[in-house]
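J.: Following this message is one structure expressed as structure tokens.
We did not get these values from a lab; they are worked out from the coordinates using the rules stated. What you see is a predicted model, and the numbers here were worked out from it, not measured in a lab. Because the Cβ atoms are built from the backbone with ideal geometry, glycine has one as well, and the counts that use them run over all protein chains shown.
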Amino acid sequence: MRASTVYDSSLIQLPKTYNQKGNITAINNLEGIIPFTIDRVYYLYDIPGGEGRGGHAHKSLKQLIIAASGSFALTLADGTTKQTFNLSKPYFGLYMPAGLWRELHNFSSSAICLVLASEKYDEDDYIRSEQEFNRYKQNHDSSAIRRSG
Ligand code: TYD
């Protein structure tokens with residue numbers, strides 16, 4: 001498998017059912033909207049102004065991140081390139097493959113960061129040091145190139 005880069009992440013427009021009394025967005029497994037099966041849902045809320053979250057990478061977890069309320073920014077890095085996405089619409093999700101460093105920042109007050117995840121919580125899947133992440137990417141990238149070459 002090719003090592004992931006920030007260009008493998010993408011903003012996905014989600015279905016939206018309009019209603020004068022309020023809209024609904026629904027995501028079902030196996031509908032082809034997101035490129036993984038959902039095994040866990042969690043959300044961040046009550047985030048104090050100026051606080052940052054994230055600051056880690058995952059070895060195999062895939063995620064879709066949605067600003068269910070308010071707004072925040074998400075900066076992704078792959079060891080070479082960084083890219084920042086501003087999320088503020090509940091009918092858009094940012095798809096993140098495994099193997100990307102992420103930082104969440106610029107939370108608006110009362111923001112809710114909704115996360116759909118491909119696997120259950122597993123601390124062993126986390127890389128929490130940026131130095132270790134850069135080493136992991138170097139090893140992973142060179143072994144991926146060896147496998148494909
Ligand atoms: P973490 O993913 O490190 O949060 P963030 O990167 O957004 O700051 O999670 C913080 C703690 O919350 C983690 O150490 C354990 C707990 N946690 C769970 O128990 N289950 C979960 O699904 C998640 C995401 C976190």
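J.: Can you work out the Karplus-derived ³J(HN,Hα) for every residue in segment 79-95? Use 6.51 cos²θ - 1.76 cosθ + 1.60 with θ = phi - 60°, whole Hz, and x for glycine or proline.
T.: x, 10, 10, 10, 9, 10, 10, 9, 10, 8, 10, x, 10, 10, x, 9, 7
J.: Please list, ordered by chain and number, the residues whose modelled amide H lies under 5 Å from the amide H of GLY54; skip anything fewer than 5 residues away on the same chain.
T.: Sorted by chain and number, the residues that satisfy this are LEU104.
J.: For the chain, what does the helix formula give at 222 nm: sum of -39500 (n - 2.57) over DSSP H segments with n ≥ 4, over the residue count, nearest 500 deg cm²/dmol? Walk me through the intermediate numbers first.
T.: Values: 1 runs with 19 residues, N = 149.
Theoretical 222 nm ellipticity from helices: -4500 deg cm²/dmol.
J.: Right, next: Using 10 Å bins from zero, what percent of all Cα-Cα pairs in the chain falls into each bin?
T.: Histogramming the chain at 10 Å steps yields 11, 39, 36, 12, 3, 0 percent.
J.: Would you mind counting up the charge near GLY70? Only other residues with Cβ under 15 Å from its Cβ, with Lys and Arg at +1 and Asp and Glu at -1.
T.: Working: positive: ARG53, LYS89; negative: ASP46, GLU51.
Summing Lys/Arg as +1 and Asp/Glu as -1 gives 0.
J.: Can you order the peptides 25-37, 49-61 by their average number of other Cβ atoms within 10 Å per residue, highest first? Write down the numbers at each step before the final one.
T.: Numbers: 25-37: 12.4, 49-61: 15.3.
Ranking the peptides 25-37, 49-61 by packing returns 49-61, 25-37.
J.: Which residues among segment 54-68 fall inside the zone where the amide N is under 14 Å from a point 7 Å beyond the Cα of TYR7, along Cα→Cβ?
T.: none
J.: Shifting gears a bit: What do you get for chymotrypsin sites (Phe, Trp or Tyr not before Pro) in segment 39-86 restricted to DSSP loop and a cutoff of at most 14 other Cβ within 10 Å of the site's Cβ?
T.: On the way: sites: TYR42, TYR43, TYR45, PHE72, PHE85; in loops: TYR45.
Of the chymotrypsin sites (Phe, Trp or Tyr not before Pro), the ones in loops of segment 39-86 whose Cβ has at most 14 other Cβ atoms within 10 Å are TYR45.
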